[in-house]
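The values are calculated or read from the model by the stated rules, or taken from the named source; none is laboratory data. Predicted model, so just to flag it, every value in this text is computed and none were measured. As a convention, Cβ positions derive from the backbone with ideal geometry for all residues, glycine included, and neighbour counts pool all protein chains shown.
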Amino acid sequence: MSGAPADKDPDRSGKSMHEQLRKEAASWSSSRSDAAVRSADELRVPAIPPAVRRSGKAKAAPEEKPVAVAKKPFSMSYDGVTTREHIAYRISRGAR
């Protein structure tokens with residue numbers, strides 16, 4: 001059985017690996033917390049300067065309303081016949 005060379009003491013190699021992982025986790029945690037503090041500080045600064053914020057919104061010019069065009073109300077089309085003629089046709093055919 002040929003395998004990768006290992007330390008004679010498995011506890012020693014396990015402890016060194018554990019120590020290395022602990023150091024990496026500590027450095028990652030500190031860099032992450034520094035970034036969180038930095039971003040929180042950036043958020044405390046107002047995004048809009050106070051002078052601009054107090055100036056208010058510019059009023060828009062009033063829009064011109066289109067001239068109202070008289071439209072016919074919606075009505076059904078019955079193949080060119082009026083509603084009255086269509087009703088009379090339906091009654092003559094026995095519809096209620």
Members of segment 1-15 found to be among the polar types (S, T, N, Q) and modelled with pLDDT of 55 or more, listed by number: S13
Among what's in segment 67-86 and is surrounded by 10 or more Cβ atoms within 10 Å (Cβ to Cβ) and not in a loop (DSSP other than H, G, I, E, B), pick the residue that is modelled with the lowest pLDDT. Y78
